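Engineer: Got a structure for you, written out below as structure tokens; questions coming shortly.
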Amino acid sequence: MSEHEFDFLVVGAGSAGVRAARVAAGLGARVAVAESYRPGGTCVIRGCVPKKLLVYAAHYGEDFEDARSYGWTSSRQFSWSTLIANKDREIARLEDIYRTLLKSSGVTLLEGHARLLDAETVEVEHRRYRAANTLIASGGWPMLPDIPGIEHCITSNEALELAELPRRALVVGGGYIAVEFAGIFKGLGAEVVIGYRGEQILRGFDDDVRHHLHDELVHKGIDVRLQSHVRRIEKLDSGELEVALTTGSTEQTLRVDAVLYATGRRPNTRGLGLESAGVDLDQQGAVIVDAYSRSSVPNIFAAGDVTNRIALTPVAIREGAAVAQTLFGGVPTPVDHEAVAHAVFSQPPVGTVGLTETAALRAFPSVDVYVTSFRPLRYTLCGRNERTLIKLLVDSASQRVIGAHMVGPDAPEIIQGIAIAVKAGLTKQQFDQTVAVHPTAAEEFVTLTNKRTIKSETEA
Ligand SMILES: Cc1cc2nc3c(=O)[nH]c(=O)nc-3n(C[C@H](O)[C@H](O)[C@H](O)COP(=O)(O)OP(=O)(O)OC[C@H]3O[C@@H](n4cnc5c(N)ncnc54)[C@H](O)[C@@H]3O)c2cc1C
């Protein structure tokens with residue numbers, strides 16, 4: 001009889017943990033997964049899925065307006081409580097599916113907070129379990145700055161469960177979660193201000209994408225205040241929040257009903273006992289891992305947001321599955337983090353894969369840039385002045401497409417297809433040889449001709 005109750009104990013039943021547990025159990029391992037909240041993790045319970053449902057809801061406002069030009073007449077009335085109740089029902093259904101999947105895979109679900117006591121012992125709700133291998137898949141958590149009145153603010157966690165839609169909202173931050181929630185609130189009828197300390201929203205994305213989305217958000221009536229810092233927040237007797245904000249050198253006061261902080265997420269490693277097991281963390285608190293997601297302790301692995309590599313669900317799922325394959329499949333499996341596509345479900349949405357123009361110039365001496373911007377056909381009848389951006393970056397020497405970016409309706413759906421071509425290393429000529437699907441916005445990806453060539457500084 002082994003001294004271990006489990007071959008594999010996973011901390012966290014989110015995207016990485018559930019996949020790792022199920023794959024390991026399928027390979028014959030005795031597996032347990034500990035979960036302190038609800039199986040499904042951030043993505044299912046308070047991230048991608050509920051957020052996307054709210055994004056769909058938010059888009060109906062514009063769709064109803066546009067529909068008039070297509071001959072439809074309709075009355076527009078929106079109920080936040082109906083939306084949230086329906087969303088909650090769907091999330092509960094998905095949580096049940098996760099529970100069933102774990103059970104039917106033979107995985108033991110340990111409900112409660114897990115803490116490592118040493119490299120082979122994990123405590124959950126005062127019970128100790130011995131495990132030969134452990135996977136830390138505890139995800140991330142929103143970061144909040146230490147400013148006066150921060151206790152009156154919400155994060156994306158609470159934004160998905162508000163009892164009422166705020167009439168006026170300040171969204172602090174410029175990353176994808178900030179612009180997505182700004183779009184949700186705005187689309188549902190709120191007045192929205194984005195306050196971001198940086199020079200442009202969506203840091204890390206291609207500059208053309210950043211500027212294009214910024215302009216479209218402003219067009220839609222979102223008040224985007226760049227280089228803005230919140231100094232303090234005060235709750236008034238009326239229940240409103242008064243926010244002292246500095247934009248550039250101007251000091252202002254805003255009165256809103258909600259302040260949503262979306263200023264980044266931190267790896268969730270506090271209170272996990274990783275120090276007692278000897279696991280090394282980086283300065284942000286992320287578990288340091290090698291290409292096989294192995295930590296500094298040989299039988300402890302980490303996958304997903306807790307490793308702070310690429311904080312996206314499909315990446316977490318891949319990393320979790322790879323750990324299970326490495327440990328129980330007899331195949332050491334690294335995860336390839338190159339050319340991972342990203343989407344931003346803003347309004348309009350963004351899809352992007354591969355290098356930005358700045359990164360391309362760092363990696364290649366000469367880059368061909370193809371960009372187009374146009375009004376999509378669907379907006380011509382209704383006169384909506386929203387433009388779509390499509391951009392391709394090509395290594396001048398090999399003609400390989402090294403980056404593809406889009407802002408516009410359906411961009412996330414379209415970029416998933418383009419990502420296959422970019423990942424496969426196809427050339428601009430091969431894109432051009434592909435006959436277009438007409439009339440679509442995506443056809444621009446195979447018909448781009450307007451080229452400018454840029455050289456890296458060492459080459460110029
Ligand atoms: C608002 C929002 C929107 C997002 N939208 C997208 C999107 O559109 N597309 C996309 O790809 N990604 C999106 N993400 C990111 C995505 O949700 C994460 O990358 C993904 O969930 C990471 O999976 P994970 O397994 O690493 O962690 P998680 O899914 O966070 O799972 C970690 C689990 O561990 C549990 N846990 C933590 N500590 C313990 C403990 N000590 N004991 C027991 N259990 C513990 C937690 O309760 C949680 O269930 C979004 C995130 C947020 C917040």
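The values are calculated or read from the model by the stated rules, or taken from the named source; none is laboratory data. Just so it is clear, the structure is predicted and the values come from calculations on it, not from any experiment. Cβ: placed from backbone, ideal geometry, glycine included. Neighbour counts: every protein chain shown. Accessible surface areas use protein heavy atoms only, side chains included; no ligands, DNA or RNA. Shrake-Rupley method; radii C 1.70, N 1.55, O 1.52, S 1.80 Å.
Engineer: Could you tell me how many of the residues in region 22-42 are touching a strand residue (DSSP E or B) at 6+ places or on another chain (Cβ under 7 Å) and more than 8 Å from the ligand (Cβ to nearest atom)?
Structural biologist: Number satisfying all stated conditions: 7.
Engineer: Could you tell me which residue of region 413-441 is farthest from SER373 (Cα to Cα), considering only residues that are open to solvent by 30 Å² or more (accessible area, probe 1.4 Å) and touching a residue at least 40 places away in the same chain (Cβ under 8 Å)?
Structural biologist: The selected residue is LYS423.
Engineer: Being buried (at least 21 other Cβ atoms within 10 Å of the Cβ), touching a residue at least 24 places away in the same chain (Cβ under 8 Å) and in contact with a Pro (Cβ under 9 Å, 6 or more places away or on another chain), is that true of even one residue in region 275-289?
Structural biologist: Looking through region 275-289, at least one residue is buried (at least 21 other Cβ atoms within 10 Å of the Cβ), touching a residue at least 24 places away in the same chain (Cβ under 8 Å) and in contact with a Pro (Cβ under 9 Å, 6 or more places away or on another chain).
Engineer: Among the residues of region 350-360, is any open to solvent by 60 Å² or more (accessible area, probe 1.4 Å), away from the ligand (no atom under 14 Å from the Cβ) and touching a residue at least 60 places away in the same chain (Cβ under 8 Å)?
Structural biologist: Within region 350-360, one or more residues are open to solvent by 60 Å² or more (accessible area, probe 1.4 Å), away from the ligand (no atom under 14 Å from the Cβ) and touching a residue at least 60 places away in the same chain (Cβ under 8 Å).
Engineer: Here's something else I'd like to know. Give me the pairs: first residue in region 147-166 and within 14 Å of the ligand (Cβ to nearest atom), second residue among the aromatic types (Phe, Trp, Tyr), beta-carbon distance under 7 Å, and six or more apart or on different chains, which are they?
Structural biologist: Listed pairs, sorted by first residue: THR155/TYR261; SER156/PHE181; ALA159/PHE181.
Engineer: Could you please let me know if GLU319 is closer than 30 Å to LYS391 by Cβ, surrounded by fewer than 17 Cβ atoms within 10 Å (Cβ to Cβ) and not polar (S, T, N, Q)?
Structural biologist: In short, no.
Engineer: Name the strands (runs of 3 or more DSSP E) wholly inside region 368-460 in which the number of residues that are among the charged types (D, E, K, R) is 1 or more.
Structural biologist: Strands (runs of 3 or more DSSP E) meeting the threshold: 388-395, 451-455.
Engineer: Next question, about the same structure. For a quick check of your reading of the model, give me the residue pairs whose first member lies in region 190-213 and is in contact (Cβ under 8 Å) with a residue 40 or more places away in the chain, whose second is buried (at least 24 other Cβ atoms within 10 Å of the Cβ) and aromatic (Phe, Trp, Tyr), with beta-carbon atoms closer than 6 Å and at least 6 apart or on different chains.
Structural biologist: Listed pairs, sorted by first residue: none to list.
Engineer: Given the options ASN299, ASN268, ASN308, name the one that is surrounded by 15 or more Cβ atoms within 10 Å (Cβ to Cβ) and more than 13 Å from the ligand (Cβ to nearest atom).
Structural biologist: That would be ASN299, the only listed residue that is surrounded by 15 or more Cβ atoms within 10 Å (Cβ to Cβ) and more than 13 Å from the ligand (Cβ to nearest atom).
Engineer: For region 81-95, check the following and say yes or no: at least one residue is within 30 Å of LEU281 (Cβ to Cβ) and open to solvent by less than 60 Å² (accessible area, probe 1.4 Å).
Structural biologist: Checked region 81-95: at least one residue is within 30 Å of LEU281 (Cβ to Cβ) and open to solvent by less than 60 Å² (accessible area, probe 1.4 Å).
Engineer: Residue pairs, Cβ under 7 Å, 6 or more apart or interchain, first in region 1-26 and in a helix (DSSP H, G or I), second more than 16 Å from the ligand (Cβ to nearest atom) and of a type outside the set (Gly, Ala, Ser). List them.
Structural biologist: VAL23/GLN325; ALA24/LEU327; ALA24/PHE328
Engineer: Let me spell it out: the conditions are (1) among the hydrophobic types (A, V, I, L, M, F, W, C); (2) buried (at least 23 other Cβ atoms within 10 Å of the Cβ); (3) within 8 Å of the ligand (Cβ to nearest atom); (4) assigned to a helix (DSSP H, G or I), and ILE45 meets all of them except one. Which number is the exception?
Structural biologist: Only one criterion in (1) among the hydrophobic types (A, V, I, L, M, F, W, C); (2) buried (at least 23 other Cβ atoms within 10 Å of the Cβ); (3) within 8 Å of the ligand (Cβ to nearest atom); (4) assigned to a helix (DSSP H, G or I) is unmet by ILE45, namely (2).
To keep it simple, each residue is scored yes or no on (1) within 16 Å of the ligand (Cβ to nearest atom); (2) touching a Leu at 6+ places or on another chain (Cβ under 7 Å); (3) under 20 Å from ALA131 (Cα atoms).
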position: GLU5; (1), (2), (3): no, no, yes
position: ALA20; (1), (2), (3): yes, yes, yes
position: SER81; (1), (2), (3): no, no, no
position: ILE91; (1), (2), (3): yes, no, no
position: TYR98; (1), (2), (3): yes, no, no
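Engineer: Are any residues in region 233-259 open to solvent by 60 Å² or more (accessible area, probe 1.4 Å) and in a loop (DSSP other than H, G, I, E, B), and if so, which ones?
Structural biologist: Across region 233-259, the qualifying residues are ASP237, SER238, SER249.
Engineer: Moving on to the next point. Since ALA132 meets every condition but one in (1) without any contact (Cβ under 8 Å) to a residue 24 or more places away in the chain; (2) under 24 Å from PHE328 (Cβ atoms), which condition does it not meet?
Structural biologist: Every condition holds for ALA132 apart from (1).
Engineer: Something else: Of the residues ALA363, ALA324, only one is open to solvent by less than 40 Å² (accessible area, probe 1.4 Å) and modelled with pLDDT of 95 or more; which?
Structural biologist: ALA324
Engineer: Of the residues that make up region 25-42, is at least one surrounded by fewer than 24 Cβ atoms within 10 Å (Cβ to Cβ), of a type in the set (Asp, Glu) and under 22 Å from ILE300 (Cβ atoms)?
Structural biologist: no
Engineer: Output the residue which, of all residues in region 167-195 that are open to solvent by less than 10 Å² (accessible area, probe 1.4 Å) and more than 16 Å from the ligand (Cβ to nearest atom), is farthest from TYR261 (Cα to Cα).
Structural biologist: That would be ALA190.
Engineer: Moving on. For PHE64, all conditions in the list (1) under 23 Å from GLN347 (Cβ atoms); (2) touching a residue at least 40 places away in the same chain (Cβ under 8 Å); (3) over 24 Å from the mean Cα position of the chain (by Cα) hold save one; what is the number of the exception?
Structural biologist: (2)
Engineer: Of all the helices (runs of 4 or more DSSP H) wholly in region 144-232, which have at least 1 residues that are more than 21 Å from the chain's Cα centre (by Cα)?
Structural biologist: 207-219
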